[in-house]
Amino acid sequence: MATIAGTIAAAAARVRATAGERIGDLVEAALLRTLRDTITIGADGSAFVITGDIPAMWLRDSTTQLTPYLRFLGDCPPLAGLVTAVVRRQFACLDHDSYANAFNDGPTGARYEPGDVCDDPHVWEQKYEVDSLAYPVTLAHALWRATGSAEVFDARAHRVLRTIVAQLRLEQRHDESPYRFERPGAKPTETLARGGRGTPVGVTGMTWSGFRPSDDACTYGYNIPANLFAAQALRAIAEITDEVLRDPALAAGARTLSRELVDGVEAHGIVDGSYAYEVDGLGGVLRMDDANTPSLLSLPLVAPDVVDARVWRATREFVLSDGNPYYFRGRVASGIGSPHTKPGRVWPIALAVEGLTGTPADRRRLLNLLAGTDAGTGHIHESFDASDPASFSRPWFSWADSMFCELALAVADDAGPG
């Protein structure tokens with residue numbers, strides 16, 4: 001039986017053979033570091049995953065941190081067992097609070113901001129982000145398809161899948177929702193207007209999100225990449241409930257809602273032939289893209305069965321241009337940043353996504369670029385100054401490490417078996 005260490009060593013050897021010794025060393029170190037330093041196995045057998053330099057578990061990050069390992073699950077049962085333990089914890093978190101984005105390892109009372117409306121000791125932060133519902137579903141679905149094991153789909157998982165569908169449907173009419181988020185004295189990107197309800201929205205068929213995958217407040221409540229990602233996750237729920245949980249009503253409801261989200265995007269979220277980033281159904285449109293996924297650039301990766309390829313190609317051209325207010329150019333790099341960080345800073349996550357959705361030549365070029373912008377730390381950072389990679393944010397951001405590994409493994413795949 002393949003061991004985790006042996007599996008990672010073999011993967012790093014493939015990278016070294018195609019991308020060089022240094023990149024292979026960076027990949028091996030990052031893959032080992034995520035498993036060794038971010039994951040803690042609890043007494044119940046589930047696994048808690050910190051982001052790196054923040055001691056909380058994000059539902060989004062804990063999925064994306066595991067992305068490069070998914071290709072190995074079928075051949076490495078111990079690794080599959082570890083991912084199973086993470087999925088169990090994700091479902092437990094959602095069962096506890098389906099509106100929260102980040103959790104503590106138990107009722108510790110730790111939180112990002114003590115003044116938040118939510119004072120649940122289990123919750124680090126209760127920013128409602130649609131991707132927080134979708135990412136655990138897609139991880140569970142990938143685990144099941146890779147291993148053939150449905151053990152993770154127990155009674156709690158079934159309950160959580162029902163909750164996800166119901167919540168996404170409720171938030172199609174956000175004014176009927178009980179959710180509120182207020183952070184007293186915070187800047188506008190850290191709280192929601194109108195007493196915590198967010199800016200006004202019309203009914204469009206799409207589902208509302210208070211915050212983006214960056215944890216910044218939405219300008220307009222319908223985030224297009226999040227809606228398409230949710231539509232993809234709903235298709236996964238339908239497959240799981242059809243084939244494993246034998247719940248035809250939930251499967252039908254998930255499929256119907258998925259179609260409604262896609263229809264809503266097609267009716268309201270396509271502007272001048274490309275996807276907008278956010279709309280409100282009342283005429284408000286935001287044309288941009290953000291580095292954090294789901295992003296517009298990442299749609300072929302996160303929503304492959306629901307994205308319109310023609311519209312996405314036009315969107316890619318826009319978001320990788322000066323038309324995107326968060327596309328930055330510098331002496332060292334050009335790429336997508338985020339209003340979450342300083343102007344002029346490019347995010348390695350977005351550079352990795354640009355490669356993964358581009359050509360083999362794009363992948364190799366961007367992999368070499370990323371390897372050269374770690375400022376000698378051996379870590380891939382949250383963001384760096386496009387003209388000075390020594391100026392960066394977050395010394396240890398595990399999601400960025402993992403996206404670098406995913407890009408390196410894709411470059412190795414491009415070179416063929418070996």
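What follows is calculated from the coordinates using simple rules that are stated; it is not laboratory data. Quantities reported herein were computed from a predicted structural model and do not represent experimental measurements. Reconstructed Cβ throughout: ideal geometry from the backbone, glycine too, with neighbour counts over all protein chains shown.
Think of the chain as a dipole: +1 on every Lys or Arg Cβ, -1 on every Asp or Glu Cβ, centred on the Cα centre; then among A350, I380, A9, A9 lies furthest on the positive end. The chain has equivalent-ellipsoid semi-axes of 30, 26, 22 Å, by the square roots of 5 times the alpha carbon gyration tensor eigenvalues, sorted largest first.
Using the empirical formula 2.2 N^0.38 Å as the baseline, the Cα radius of gyration of the range 171-261 reaches a ratio of 1.25. Across q = 0.13, 0.17 Å⁻¹, the range 294-359 modelled as identical point scatterers on its alpha-carbon atoms has Debye log10 I(q)/I(0) values of -0.34, -0.58, in the order of the q list.
Maximal additional length on extending the D175-V244 stretch stands at 21.4 nm, based on 0.36 nm per residue less the C-alpha distance.
Given G202, L161, Y128, which one lies farthest toward the positive end of the charge dipole of the range 113-264, if we put +1 on the Cβ of every Lys and Arg and -1 on the Cβ of every Asp and Glu? Result: G202, furthest along the dipole toward the positive end.
With Cα atoms defining each centre, the range 140-193 and the range 5-42 are spaced 31 Å apart in the structure.
Both radii are taken from the alpha-carbon atoms of the range 333-418; with Rh as the Kirkwood radius, Rg/Rh is 0.97.
For the range 228-270, a simple Cβ point-charge model (Lys and Arg +1, Asp and Glu -1, everything else neutral) yields a dipole of about 20 debye relative to the Cα centre. In the chain, the DSSP-assigned H stretches of four residues or longer account for a calculated mean residue ellipticity at 222 nm of -14500 deg cm²/dmol, using -39500 (n - 2.57) per stretch and the full residue count as denominator. The alpha carbons of the range 260-342 give a radius of gyration and a Dmax of 13.0, 44 Å, in that order.
Which shape class, rounded, prolate or oblate, goes with the range 87-136 when its Cα gyration tensor gives a ≥ b ≥ c as root eigenvalues, a/c under 1.5 marks rounded, and past that a/b bigger than b/c marks prolate? It is oblate, given that a/c is not under 1.5 and a/b is not larger than b/c. From the square roots a ≥ b ≥ c of the eigenvalues of the alpha-carbon gyration tensor of the range 287-398, which class results: rounded (a/c under 1.5), prolate (a/b over b/c), or oblate? Note, shape of the range 287-398 comes out prolate. Along each principal axis, taking the top coordinate minus the bottom one, the Cα set of the range 1-55 gives 40, 32, 10 Å in descending order.
For the range 330-379, the Cα-based Rg and Dmax, in that order, read 11.0, 30 Å.
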